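The values are calculated or read from the model by the stated rules, or taken from the named source; none is laboratory data. Since we're looking at a predicted model, the values are computed, not measured. Quick reminder, even Gly has a Cβ in these numbers, built from the backbone with ideal geometry, and neighbours come from all protein chains shown.
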Amino acid sequence: MCGIVGAVAERDVVPVLIEGLRRLEYRGYDSAGVAVIDDNNNIGLCRAVGKVAELDEKLEQNPLKGQIGVAHTRWATHGGVTEANAHPHLSGGRVAVIHNGIIENFQPIKDEMLAEGYVFDSDTDTEVAAHLVHHYLNEGLDLVAAVGKAVDRFEGAYALLVVDADDPERIVVSRVASPLVIGLGDGENFVASGVPALLPVTQRFIYLEQGDLAEIRRDGVRIVDADGNEVEREIHETEWN
Ligand code: GLU
């Protein structure tokens, strides 16, 4: 189990994402990556095998900037430790996905996506999530519905974050077994696999429960539980820093 960070804000989120990854390094990982959506609605992607410091060095050479993005530290389960297998994974130039955990039934879904003409750039189980969400968006579903329909098909344990460059106002997240916590800011919101990742930016947290699907925007969050009902979850204030 490794690290996930997501942010949607008015400021450039890249420094928040990288600092968040640094604060999750203690969990162990083998590679790291970040994707942000820029002002022209393009996805910028940077990934590196090794430490977050190596990712940061690459970003210094080729800076990324954006007000919404996701970042990941990977502990490989499916596919070797390579840059191509590092997250985020993209589909159709518009969907970016990060994932901790395992999608146990990825193979039949991968076969289905291959038959539809999707090209896989990695050996991960995760990449099926990117293509499946893209497939449902193409069917006309919005991002929340597309992620909901995709995760309904997954078996396994996972925390998943998805952004869509054609809908750059929200991060859609889902969790089964793997932890996810939402960090509430002032006109900006965050999500991560652990509280420490977000302590530089907020002290107000909502812990997502098993099977929750959430939409995180700058101006608020909406959570739907495992039964499909919209729910309010308690906000926890922490004194940690
Ligand atoms: N199963 C995914 C992979 O191998 C995610 C592993 C993780 O939790 O980082 O890429």
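Going through ALA96, ALA129 one at a time, which residue ends up being of a type outside the set (Asp, Glu), closer than 24 Å to ASP227 by Cβ and at pLDDT 95 or above?
Checking each option against the conditions leaves just ALA129.
Output the residues belonging to the range 91-107 that are crowded, with 19+ Cβ neighbours inside 10 Å and touching a helix residue (DSSP H, G or I) at 6+ places or on another chain (Cβ under 9 Å).
Correct list: SER91, ARG94, VAL95, ALA96, VAL97, HIS99, ILE103, PHE106.
Looking at ALA71, ALA86, ALA53, which is the one that is in a strand (DSSP E or B), of a type in the set (A, V, I, L, M, F, W, C) and under 26 Å from GLY183 (Cβ atoms)?
Criteria check complete, one pass: ALA71.
So which residues in the range 195-241 are of a type outside the set (Val, Ile, Thr) and in a helix (DSSP H, G or I), if there are any at all?
PRO196, ALA197, LEU198
Of all residues being within 13 Å of the ligand (Cβ to nearest atom) and part of a loop (DSSP other than H, G, I, E, B) in the range 108-145, which is surrounded by the most Cβ atoms within 10 Å (Cβ to Cβ)? Just the residue, please.
THR124
State all residues of the range 87-107 that are near the ligand (Cβ under 8 Å from one of its atoms) and either touching a Lys or Arg at 6+ places or on another chain (Cβ under 8 Å) or among the polar types (S, T, N, Q) (or both); if no residue qualifies, say none.
Selection gives HIS87, ASN100.
Can you find a residue in the range 173-182 that is more than 20 Å from HIS72 (Cα to Cα) and more than 16 Å from the ligand (Cβ to nearest atom)?
no
Just the residues that are more than 24 Å from GLU104 (Cβ to Cβ), touching a residue at least 60 places away in the same chain (Cβ under 8 Å) and not β-branched (Val, Ile, Thr), please, taken from the range 163-191.
ASP164, ALA165, ASP166, PRO168, GLU169, ARG170, GLY185, GLY187, GLU188, ASN189, PHE190
Starting from residues that are closer than 16 Å to ALA76 by Cβ and touching a strand residue (DSSP E or B) at 6+ places or on another chain (Cβ under 7 Å), keep the ones in the range 26-47 and report whichever is surrounded by the most Cβ atoms within 10 Å (Cβ to Cβ).
ALA32
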